[in-house]
Amino acid sequence: MRRRENIAEVYAQKSRGYKLLKRGFDLVFSAGALVLVTPVMLACAIAIVLEDGRPVIYVAPRKGKDGKPFSMYKFRSMKRGSEELQNILASAVGDGTHPHTQGPAFKAKNDPRMTRVGRFIRKYFIDELPQLVNVIKGDMSLVGPRAIQQTREYTAYEAQRLVVQPGLSCYWQTSGNMRMPWEEWLELDLDYIEGMSIATDLSILAKTLGVVVRGEGAY
């Protein structure tokens, strides 16, 4: 597997016109999508309150472009007070060699903190719809490396995935293999940055729609 050490230079060479076009596409698409999915979001909010009360939105701290921290919005899929169990679960899955973690990304299958509504909305990516607001704010893009919940700091090589805004969807999310090793996931992110284009974004978004329809969301 080839290693790339110049991803920041590659992105810097992308034209200003392309970057403006990508931002414009993000704004128009996200605003339109928010209007279309408002009934789904309202139904989701009601279901969350009925099962486990408030809050409806979970504000997740994440690293954005160039490592700048931002608050990422998600529909709450975990039980209230679940943050207290985070360290216990992180210890249980170990140092990144566990099959349900990938490198610095924390993931746990059959997470006991998840609600019944939470399992459903994750399966169909409904929990991520509030991130359309993050896209409009400029914290995120529709397509880009996923903003992960980290269990450790990035190495210098891994941090290259932060030279662009994180995305709602990415190659990893449409790969059909969400348990792939972190090293492969990282290389897919770097592949995206090297070859990013409006055509690439449209292709990934089209594949994402297929994943959503099939219910192949994150666990």
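Results, tabulated for the structure shown:
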{"item": "Only one of 190, 142, 205 that is in a helix (DSSP H, G or I), under 14 Å from the mean Cα position of the chain (by Cα) and touching a residue at least 60 places away in the same chain (Cβ under 8 Å)", "result": "205"}
{"item": "Considering residues of the range 150-181 that are among the basic types (Lys, Arg) and in a loop (DSSP other than H, G, I, E, B) only, the residue farthest from residue 212 (Cα to Cα)", "result": "152"}
{"item": "Search result, residues across the range 16-34 that are more than 18 Å from residue 202 (Cβ to Cβ) and surrounded by fewer than 15 Cβ atoms within 10 Å (Cβ to Cβ)", "result": "16"}
{"item": "Test: residue 39 is at pLDDT 95 or above, within 15 Å of the chain's Cα centre (by Cα) and surrounded by fewer than 18 Cβ atoms within 10 Å (Cβ to Cβ)", "result": "no"}
{"item": "Pairs, first hydroxyl-bearing (Ser, Thr, Tyr) in the range 20-49, second in a helix (DSSP H, G or I) and surrounded by 12 or more Cβ atoms within 10 Å (Cβ to Cβ), C-beta under 6 Å, six or more apart", "result": "30/132; 30/135; 30/136"}
{"item": "Qualifying residue in the range 112-120 (condition: loosely packed, with under 15 Cβ neighbours inside 10 Å, at pLDDT below 90 and either within 15 Å of the chain's Cα centre (by Cα) or more than 19 Å from residue 34 (Cβ to Cβ) (or both))", "result": "yes"}
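The values are calculated or read from the model by the stated rules, or taken from the named source; none is laboratory data. Computed from a predicted structure; not experimentally measured. In this analysis, Cβ positions are derived from the backbone assuming ideal geometry, glycine residues included, and neighbour counts consider all displayed protein chains.
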